[in-house]
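This report refers to the structure that appears directly beneath it.
The values are calculated or read from the model by the stated rules, or taken from the named source; none is laboratory data. Not measured: the values here are computed from a predicted model. Here the Cβ is made from the backbone with ideal geometry for all residues, glycine too, and neighbour counts use every protein chain on show.
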Amino acid sequence: MNAVVVENIPDPLPSFVNKVEKVRQYKVEESKLANDLARKQGSTFPNQLSHWQHYLLNADCLHSNNKKGQGINIAVFDAGFTKVDSLEAFKSLFAGNLLKGSFDLVDHDNDPFHASPHGTYVLSIMAASIFQEFTGTSPEANYFLFRTEDTSGETLQEEYNWILAAEMADSLGVDIINSSLGYTTFEDSLQNHTYEDMDGNTAPISIAADIAASKGILVISSAGNYGNGNWKYISAPADGDSVLTVGAVDSLRGKSAFSSFGPTYDQQIKPEVCALGSGVYVVNTNGGVVSGNGTSFSAPLIAGMAACLWQTFPSMSNMEILEAIKRSADQYHFPDTLKGYGVPDFCKASFYLSGLELEKENTLFVAPNPFTDSFYLYSDDQASSFAIYDISGRTIYDIENLSDQPGETMLKIDYLESFPDGIYFLQYKNANNEYLQTIKIVKQQ
């Protein structure tokens, strides 16, 4: 952005300086505690508590095929990552050499493992692993941790910390930025943003987020928790037009009351998508699994699954991944200012990126499903051919010229013992090569 942040303004100013803008005023007083998003904690339970937040996104479609973010680089921008370097739930990051870098842009060192537990909660949703109790959405991705938020106050400098982190992330080859942060008003009221500023082109952090997206990074931002407050709307950088903004829903897919509303001031649909944000399970700094609320928690659910999707389709661009996620959402054809395009289905997203279609009537049935080494296929429409695809769209089984007779078709498909366990897609076509239906089938022992 052709700018520099300095702690003291030189006098006289160099002749090439066009403008000076204050981003922070230091005060000698006791630091106030951060008002972290989503502090609610509940009881620890002995089961796989992360199941439901994954289930809403149809995460198993990718996870069961060993798509867990391998090879995708995720940067997490937050307020601190207390005890991530010592908790058992994150040991797999260190054992697998998956933590590729850690940076504290507030204290100017490489130790962000303090200051706030908020980043610990956020990271756990993607990366934590506790046997038979909790699994993140992308536990095998690579991670870079950035502390950009200063919990001792709220100043414009934090937006510039974010910008510096984005520049560093770009230089490190980061694919996805998860930002569970948002900015509206500051200690110095002269720096405050207004709703009119939420146009993607005014707040410094939003301008930078769109620049990062133009470099090929998938930027994912929480919408904000202002839905039942005076502000009500999304915050920066969620207003960026190339940013994937994530709102929050409850377990029944209803909008969480706190989730910020759209649209942007220039009438872009925001948030684009939603994930579970009410009663999300996270790992706390004691190593326990607890529940919390906030769009801070819905954003990393999407970011982790986006990593799994991108791993499956590595040749796609960041915007193609973004569009597939939007298109797969449950109210794609009737978006609103509450939930945007709705809750995405990552199985459908993989369909779209595979070039497969989904919108036909239910004419095709498979039993049993899941299957082991064979299944029966029944269609009440005339069929000429069928094919089975893996989740990357690769054809692994096909039969043509099934029948020249009109009407119903029933086949036994067997000798499938050699198929690896996982999720597949079966597509049926008629004699005119028009698909009749595509459905998900599951191979398991």
Q: Filter the range 207-250 down to the residues that are more than 13 Å from Gly294 (Cα to Cα) and of a type in the set (S, T, N, Q), then identify the one that is nearest to the chain's Cα centre (by Cα).
A: Thr245
**Q.** So Ala275, is it farther than 21 Å from Gln191 by Cβ, at pLDDT 95 or above and surrounded by fewer than 19 Cβ atoms within 10 Å (Cβ to Cβ)
**A.** no
Q: Determine whether Lys100 is of a type outside the set (A, V, I, L, M, F, W, C), at pLDDT 95 or above, at negative phi and surrounded by fewer than 19 Cβ atoms within 10 Å (Cβ to Cβ).
A: yes
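Taking the stated definitions as given, is Gly294 at positive phi, in contact (Cβ under 8 Å) with a residue 40 or more places away in the chain and either assigned by TED's automatic domain parsing to the domain that holds Ser116 or surrounded by 17 or more Cβ atoms within 10 Å (Cβ to Cβ) (or both)? Don't jump to the end; show me each part of the working.
Numbers: at positive phi: yes; in contact (Cβ under 8 Å) with a residue 40 or more places away in the chain: yes; either assigned by TED's automatic domain parsing to the domain that holds Ser116 or surrounded by 17 or more Cβ atoms within 10 Å (Cβ to Cβ) (or both): yes.
Taking the combined requirement at face value, the residue satisfies it.
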Q: Kindly establish whether Ser102 is touching a Pro at 6+ places or on another chain (Cβ under 8 Å), assigned by TED's automatic domain parsing to the domain that holds Trp310 and under 25 Å from Thr312 (Cα atoms).
A: no
Q. Only one residue in Gly227, Gly262, Gly240 is crowded, with 24+ Cβ neighbours inside 10 Å and either among the aromatic types (Phe, Trp, Tyr) or touching a Phe, Trp or Tyr at 6+ places or on another chain (Cβ under 8 Å) (or both). Which one?
A. Gly262
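Quick check on my filter: what residues within the range 219-273 are among the polar types (S, T, N, Q) and without any contact (Cβ under 8 Å) to a residue 12 or more places away in the chain? Break it down into steps so the answer makes sense when it comes.
Filtering the range 219-273 down to residues among the polar types (S, T, N, Q) leaves 221-222, 225, 228, 230, 235, 242, 245, 251, 256, 259-260, 264, 267-268.
Selection gives Asn230, Gln267.
Considering only residues that are touching a Gly at 6+ places or on another chain (Cβ under 6 Å) and either crowded, with 18+ Cβ neighbours inside 10 Å or assigned to a helix (DSSP H, G or I) (or both), which ones fall in the range 170-205? Full working, then the answer.
Step one: filter the range 170-205 for residues touching a Gly at 6+ places or on another chain (Cβ under 6 Å), giving 182, 187, 200.
Across the range 170-205, the qualifying residues are Gly182, Gly200.
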Q | Members of the range 288-347 found to be in a loop (DSSP other than H, G, I, E, B), charged (D, E, K, R) and under 28 Å from Gly422 (Cβ atoms), listed by number | A | Asp330, Asp345
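Which residues, taken from the range 206-250, are among the charged types (D, E, K, R) and not in a loop (DSSP other than H, G, I, E, B)?
Residues of the range 206-250 among the charged types (D, E, K, R): 210, 215, 232, 239, 241, 250.
Hit for the range 206-250 is Asp210, nothing else.
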Q.
Looking at the range 160-183, I want the residues that are of a type in the set (Asp, Glu) and have a partner that is modelled with pLDDT of 95 or more and assigned to a helix (DSSP H, G or I) with Cβ atoms under 8 Å, at least 6 apart or on another chain. Which pairs are those?
A. Asp170/Ala212; Asp175/Ala307; Asp175/Trp310; Asp175/Asn318
**Q.** Search result, residues across the range 330-352 that are surrounded by fewer than 23 Cβ atoms within 10 Å (Cβ to Cβ) and not acidic (Asp, Glu)
**A.** Gln331, Tyr332, His333, Phe334, Pro335, Thr337, Leu338, Tyr341, Val343, Cys347, Lys348, Tyr352
Q: Give Gln157, Gln132 a once-over and let me know the one that is in the same structural domain as Ile302 (by TED's automatic domain parsing), surrounded by fewer than 21 Cβ atoms within 10 Å (Cβ to Cβ), more than 29 Å from Glu320 (Cα to Cα) and touching a residue at least 24 places away in the same chain (Cβ under 8 Å).
A: Gln132
Q: Out of the residues in the range 150-169 that are assigned to a loop (DSSP other than H, G, I, E, B) and charged (D, E, K, R), state the one that is nearest to the chain's Cα centre (by Cα).
A: Asp150
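Residue-wise test of (1) modelled with pLDDT of 95 or more; (2) under 15 Å from the mean Cα position of the chain (by Cα); (3) on the phi < 0 side of the Ramachandran plot.
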| position | (1), (2), (3) |
| --- | --- |
| Phe45 | no, no, yes |
| His51 | no, no, yes |
| Tyr55 | no, yes, yes |
| Asn58 | no, yes, no |
| Cys61 | no, no, yes |
| Lys67 | no, yes, yes |
| Ile74 | yes, yes, yes |
| Phe77 | yes, yes, yes |
| Thr82 | yes, no, yes |
